[in-house]
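What follows is a single structure, written as structure tokens, with notes after it.
Taken together, the values in this text are just the output of simple stated rules run on the coordinates, not laboratory data. This structure is a prediction, so every number in the text was calculated from the model and none was measured. Because the Cβ atoms are built from the backbone with ideal geometry, glycine has one as well, and the counts that use them run over all protein chains shown.
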Amino acid sequence: MSAPITPRKKRRNLQSDRKARCHQLYSSDDVIKLYEISRNTLTNWIAEGLPFADAEMRLFRGKDLNAFHARRRKRASGPPLAPFMANCFGCKGTHSLIDGDISIHPGRTPGMFRASVTCPHTRVPANKYVCSEEIDTIRKLREANPGCETRD
Ligand SMILES: [Zn+2]
């Protein structure tokens with residue numbers, strides 16, 4: 001019933017986690033040389049979950065992965081911004097009415113307003129016409145948005 005607990009000799013196999021250069025790509029032979037291991041050991045590492053890229057197919061650079069996930073995190077952290085984007089004639093892009101400094105002016109049509117956000121690139125105002133319900137929503141989203149900049 002009671003199996004003897006033998007101390008495992010795994011520590012012997014542990015490698016430095018600083019041996020590989022973060023920005024380099026390694027072939028199998030490079031890895032074998034770098035860690036002075038056998039091809040079998042590399043096969044075991046792959047079985048244990050060491051990720052690898054097939055050079056003929058896809059390679060992912062570390063900085064691309066980080067940037068991708070930073071963008072996803074930023075998108076996920078706030079409310080959806082798409083409905084409140086103002087078209088910008090300065091940089092030809094769109095700017096969120098939820099971020100940054102906005103001003104709201106009465107429009108020509110009763111009940112409609114011109115929401116204006118300053119382009120961070122060209123400093124020209126980007127406008128979006130919104131109704132009063134939308135202004136309420138924008139105000140609520142801006143209050144809920146922790147990244148919203150304060151007036152200077
Ligand atoms: Zn712009």
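For the stretch 79-144, just say rounded, prolate or oblate: build the C-alpha gyration tensor, square-root its eigenvalues into a ≥ b ≥ c, call rounded for a/c under 1.5, and beyond that prolate if a/b exceeds b/c, oblate if not.
On the way: a/c = 1.98, a/b = 1.23, b/c = 1.61.
Verdict is oblate for the stretch 79-144.
Got a sec? Which residues in the stretch 121-138 would a label at residue 108 touch, if it sits 7 Å along Cα→Cβ and we count backbone N under 18 Å? So the set is 127-131.
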